[in-house]
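Heads up: the structure comes next, in structure tokens.
The values are calculated or read from the model by the stated rules, or taken from the named source; none is laboratory data. The structure presented is a predicted model; accordingly, all values stated were derived computationally and were not measured. Neighbour counts are summed over all protein chains in view; Cβ atoms, including those assigned to glycine, are modelled from backbone coordinates with ideal geometry.
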Amino acid sequence: MLEQRRSAGFSLIEIMAVVLILGMMATGAMVIFSAGGPKQDYYGELEKFTGIAHQINDFAIVTGEPMGLVLTPPLWSSQSLENPQWSYTWKRFVSDPSSAGQGQSSWEAIDNIEPVRLDENIELYIRIQGDEWEWEDTPPNDNPIFVIYPSGEAEPFEFEVEFVHRSGDFEEQHVEFHKSGKLQWREAWEEREALKEKF
């Protein structure tokens, strides 16, 4: 009887350890910015960016509609100092059923997905198919720079966003289109994979 209790207690500890490990993997790199301040803001923006992207990916599958990422460079890029922040939003590709055969379709805002302004201390560097993207190449009419399809494919297939803090105090971080079919925060994903291998 005593032996059974010891075995049950040991099993409970094992289960708790597994739950703890899974929790650490689920939160990814969130622990590294728990101290607060600028570092928390920096990594928080990365968490938000990839979190929304994952929701959008699921939304594309459920609705059967392509979803596009619209990136807006700071207005200083166009000779204005009014807004020094990068911003982004997601849109969905909608075909007008009343205009069948006429090829009328458009990118429209997604309900409950508001545009996000990044912290003004964060700079973005975009790479498409391995080439640096310049703000002058911003698609017209607020069209997307990156599109996720319901099939899990994306256009362009090679797409990376590098987050850089202007203070230089924090390492640059990368979000890229992953073989999983989602935009992944590379450093957080690599940390989760390392934890999986370790345990």
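A few remarks follow.
- Selection within the range 151-178 - of a type outside the set (A, V, I, L, M) and either closer than 14 Å to W90 by Cβ or in a strand (DSSP E or B) (or both): E155, F159, E160, E162, F163, H165, Q173, H174, E176, F177
- The residue list K48, K39 contains one member that is out of contact with any Leu (no Cβ under 6 Å at 6 or more places or on another chain), modelled with pLDDT of 95 or more, not aromatic (F, W, Y) and not in a strand (DSSP E or B), which is K48.
Matching residues to (1) farther than 23 Å from G37 by Cα; (2) touching a helix residue (DSSP H, G or I) at 6+ places or on another chain (Cβ under 9 Å); (3) buried (at least 18 other Cβ atoms within 10 Å of the Cβ); (4) polar (S, T, N, Q):
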| site | (1), (2), (3), (4) |
| --- | --- |
| F163 | no, yes, yes, no |
| Q173 | no, yes, yes, yes |
| L183 | yes, yes, yes, no |
| E190 | yes, no, no, no |
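- Odd one out for F157, checked against (1) loosely packed, with under 11 Cβ neighbours inside 10 Å; (2) at positive phi: (2)
- Meets criteria (in contact (Cβ under 8 Å) with a residue 60 or more places away in the chain and under 15 Å from the mean Cα position of the chain (by Cα)) for I126: no
- Residues of the range 139-149 satisfying the condition of being polar (S, T, N, Q) and outside any helix (DSSP H, G or I): N143
- Summed over the range 124-138, the residues that are surrounded by fewer than 13 Cβ atoms within 10 Å (Cβ to Cβ) and not in a strand (DSSP E or B) give a count of 5.
- Residues satisfying the criterion are absent from the range 74-83 (criterion: at pLDDT 95 or above, within 28 Å of G44 (Cβ to Cβ) and among the hydrophobic types (A, V, I, L, M, F, W, C)).
- Number of residues in the range 109-123 that are exposed (fewer than 12 other Cβ atoms within 10 Å of the Cβ) and free of Cβ contacts under 8 Å to residues at least 24 places away in the same chain: the value is 2.
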